[in-house]
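Some notes on the structure that comes next.
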Amino acid sequence: MIDDLDLGFDEPERGEKGRHRRGFRKRKGGSGGGRGKTFLALMMALVLLGTIGGGAFYGFDRIQNYFVTPDYDGAGSGEVTVEIKNGALLADMAAALVAADVVKSQKAFIEAAEANSRSKNIQPGTYKLRKQMSGESAVTAMLDLKNKIVNGLTIPEGRTSKNIYKLLSEKTKIPVKEFEAAAKDPEALGVPEWWFTRDDGKKVVKSIEGFLYPDTYEIPPKATAESILKMMVDNFLSVTGEMKFADRVQKERRVSPYEALIVSSLAQAEAGNKDDLGKVARVAYNRVYGEFNCNCLEMDVTVNYYLESIGKPTKTSAQMTASELDDQKNPYNRKLRGLIPTPINNPGKQALEGAMAPPAGKWLYFVAIDKQGHSAFAETYPEHQRNEAKAREAGII
């Protein structure tokens with residue numbers, strides 16, 4: 001405080017003639033005491049200023065980095081591969097590039113991408129890039145398809161896991177047995193434990209079926225069976241998460257997400273046209289949970305799933321024998337009460353949407369009536385018989 005700091009100045013003295021005389025007055029009991037305190041005060045001020053100045057120099061680099069984006073110069077050197085995962089945002093891409101030392105900072109890549117209107121065209125996949133590139137060079141390189149390692153494979157909607165393993169094996173040369181081994185523990189592949197919950201009192205069977213989301217995938221170099229299946233599961237979780245599938249089916253359908261996933265797979269297998277996916281899902285809900293309470297699913301596609309799982313050829317409804325339809329050894333028996341143990345394929349987004357928000361209706365029956373796969377739906381058996389007659393006339397059944 002200035003009030004406490006004695007700089008050694010005294011009040012002006014009056015001379016003999018009453019005039020003011022300016023100057024220092026020596027204090028009693030010592031010589032130069034005022035000058036000593038003045039010197040001390042000046043030293044303290046210098047130390048204080050020196051400390052502030054030192055702090056400013058110390059923080060200069062940090063301040064400079066705040067205003068100046070850390071970035072490499074030029075197109076870089078060497079070669080490195082970087083995987084951009086499905087659903088990656090700019091920040092995710094930037095993090096992957098920094099980890100591979102392609103760019104110096106996430107900010108360098110993000111700013112360059114935001115300045116380039118074409119950056120939205122950067123796709124998931126594996127890229128061949130260079131180390132220590134400028135952010136601008138990295139964006140430009142990722143927009144050049146020559147730098148994208150194309151090793152894509154499309155998994156169609158409604159394929160069983162067994163069929164998917166064959167497709168993956170043909171593409172990657174990884175033996176089917178390795179995919180089967182990796183699939184034995186769905187939770188190790190990323191399926192959360194809560195997905196394997198049922199509210200219908202049925203025993204839970206943990207299967208990867210239903211969680212291998214159908215899509216086009218870029219298979220990274222040196223991929224393993226486990227890493228590929230994990231990628232597909234991660235995609236499933238991302239899609240269903242964006243849809244709020246689990247929350248909505250519990251709130252609106254009052255069934256567990258796993259049961260709704262089973263219904264999605266049934267709709268995917270039974271509907272001959274995407275327009276009917278929701279209606280087929282509604283039929284499944286009506287048969288198993290509806291006010292009619294017949295608790296009878298009775299769909300032939302469940303029998304075919306079992307036949308495929310044991311290595312036997314699938315059949316049309318007309319080809320199935322009574323013993324095959326009601327095989328007591330078959331856990332997917334057509335006469336089974338309630339829902340089947342697991343999904344019977346891997347449904348796509350539209351089938352998931354159909355099971356999540358099916359149209360209102362009291363239908364219990366349906367039959368294909370044209371070559372485009374459209375079905376006619378009925379609430380009563382006599383009405384269904386009339387629809388079957390139309391299907392026979394059209395040569396569908």
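The values are calculated or read from the model by the stated rules, or taken from the named source; none is laboratory data. Because the structure is a prediction, the values reported are computed rather than measured. When we count neighbours, we look across all protein chains shown, and the Cβ atoms used for this are built from the backbone with ideal geometry, even at glycine. Accessible surface areas use protein heavy atoms only, side chains included; no ligands, DNA or RNA. Shrake-Rupley method; radii C 1.70, N 1.55, O 1.52, S 1.80 Å.
Numbers for the structure displayed
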| read-out | value |
| --- | --- |
| Within the stretch 305-348, trypsin sites (Lys or Arg not before Pro) in DSSP loop having at most 15 other beta-carbon neighbours inside 10 Å | LYS315, LYS329, LYS335 |
| Accessible area, probe 1.4 Å, largest first, for residues HIS374, HIS384 | HIS374, HIS384 |
| Sequence-distant residues sharing a close amide H with TYR365 (under 5 Å, placed H) | ALA378 |
| Rounded to the nearest 10 Å², the accessible area of LEU336 at probe 1.4 Å | 60 Å² |
| Cα gyration tensor shape of the stretch 289-397, rounded if a/c is under 1.5, else prolate or oblate by comparing a/b with b/c | rounded |
| Assigned charges on the beta-carbon of Lys, Arg, Asp, Glu; the stretch 264-356 dipole about Cα centre (debye) | 100 debye |
| Accessible-area order (highest first, 1.4 angstrom probe) of the listed residues LEU97, LEU90, LEU364 | LEU90, LEU364, LEU97 |
| Exposure of TYR289 as accessible area (Å², to 10), given a probe of 1.4 Å and all protein chains | 80 Å² |
| Over the stretch 168-324, relative contact order from alpha-carbon pairs under 8 Å, at least 6 apart, % | 16 percent |
| Heavy-atom accessible surface of the stretch 276-329: percent carbon and sulfur, 1.4 Å | 49 percent |
| Nearest-10 value in Å² for the accessible area of MET231, using the 1.4 Å probe | 40 Å² |
| Average Cα contact separation per residue, the stretch 238-397, under 8 Å, 6 or more apart, as relative contact order % | 28 percent |
| Rounded to whole Hz, the Karplus (6.51, -1.76, 1.60) HN-Hα couplings of the stretch 165-179, x for glycine and proline | 4, 5, 4, 5, 5, 4, 7, 9, 6, 7, x, 4, 4, 6, 5 |
| For the stretch 280-327: relative contact order, % (alpha-carbon pairs under 8 angstrom, 6 or more apart) | 21 percent |
| Surface accessible to a 1.4 Å probe, per residue, for the residues of the stretch 87-196, Å² | 53 Å² |
